[in-house]
Amino acid sequence: AAPYFAFLQAWLFYGEVESLRPEFGLSVDPRHLGARDVGYWRHAFSLLPLQGSDFLADIQVQVHRAGKSLALLRKICPEHYLAGRFRDRQPAMGLAVTAQEQVELRAECAEYERCMREVAREETVTLAEKVRQEVEVRAARCRDLQERHKEAREERRRQVAKEQEEKVARQAVLR
């Protein structure tokens, strides 16, 4: 059971696979791991039928999709908080047989969920916040442009005044 739980830990929390050989209902095709198109999603990680366990077969599709989604997220956005940055906060995979072990595992999972929701709130920018930030950036650019225009206008005014003074001075000399 320990190898399967190690696989689940890496796959479900990080989207990582330690071995390229087919095991635990997952086949990895290294030819598609570097793909940056739909071939990655369709071919890099394939589901294999599991033998001998109806329970594992029942959850296999969800396990496959979860890990595959995390693998894609790590590929396109490796700094995302769900892409394995908070490994130290993840509960350990294991088999909870007794009622007490189940209670403890549920508590660990609830704490992890609470922690990740907090991280999500801290790191996720809402659409309204993003729009507000973009408006602030545009306003700052506009103020900068207005300031540069004002400075250029003032410089041009000084230059015209200087040229005017020089013209008057030349005319005074000629008289």
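The values are calculated or read from the model by the stated rules, or taken from the named source; none is laboratory data. Everything numeric in this text was worked out from a predicted model, so none of it was measured. Glycine gets a Cβ as well: all are built from the backbone with ideal geometry, and neighbour counts include every protein chain shown. What goes into the accessible areas is simple: the full protein's heavy atoms, side chains included, and nothing from ligands, DNA or RNA. Shrake-Rupley method; radii C 1.70, N 1.55, O 1.52, S 1.80 Å.
Segment 1-32 to segment 111-175: how many Å between their Cα centroids?
52 Å
Charges on Cβ only, +1 for Lys and Arg, -1 for Asp and Glu, centred on the Cα centroid of segment 64-175; of 90, 169, 107, which one is farthest towards the dipole's positive end?
Working it through, the farthest residue towards the positive pole turns out to be 169.
Once you have the Cα-Cα distance between residue 51 and residue 69, take 0.36 nm times their residue separation minus that, and quote the gain in nm to one decimal.
Taking residue 51 through residue 69 to full extension adds about 4.1 nm, to one decimal.
Multiplying the sequence separation of residue 105 and residue 164 by 0.36 nm and subtracting their Cα-Cα distance, what value in nm do you get?
12.7 nm
Report in % the part of the accessible area of segment 1-142 that belongs to carbon and sulfur, leaving out ligands and nucleic acids; probe 1.4 Å.
Ligands and nucleic acids excluded, carbon and sulfur reach 57 percent.
Based solely on its DSSP helices, what 222 nm [θ] is calculated for the chain when runs of n ≥ 4 H residues each add -39,500 (n - 2.57) and the sum is averaged over all residues, nearest 500 deg cm²/dmol? Mind dumping the intermediate values first?
Values: 4 runs with 109 residues, N = 175.
The helix contribution divided over the chain gives -22500 deg cm²/dmol.
Taking springs between alpha-carbon atoms closer than 10 angstrom, which of 57, 140, 161 fluctuates most in the Gaussian network model of the chain?
Per the Cα network of the chain with a 10 Å cutoff, 161 tops the list.
Give, in nm to one decimal, the length gained when the segment between residue 42 and residue 130 is fully stretched (0.36 nm per residue of separation minus the Cα-Cα distance).
Details: separation 88, 0.36 × 88 = 31.68 nm, distance 3.21 nm.
Here the answer is 28.5 nm.
Just the number please: accessible area per residue for the chain, 1.4 Å probe, all protein chains included, in Å². Walk me through the intermediate numbers first.
Working: 13020 Å² over 175 residues.
That works out to 74 Å² per residue.
Let a ≥ b ≥ c be the square roots of the eigenvalues of the Cα gyration tensor of segment 24-104; is it rounded (a/c under 1.5), or, if not, prolate (a/b larger than b/c) or oblate? Walk me through the intermediate numbers first.
Values: a/c = 3.42, a/b = 1.34, b/c = 2.55.
Cα axes put segment 24-104 in the oblate bin.
Scale the Cα Rg of the chain by the rule-of-thumb value 2.2 N^0.38 Å and send over the ratio, two decimals. Write down the numbers at each step before the final one.
Numbers: Rg = 31.3 Å, N = 175, 2.2 N^0.38 = 15.7 Å.
So the Cα radius of gyration is 2.00 times the expected 2.2 N^0.38 Å.
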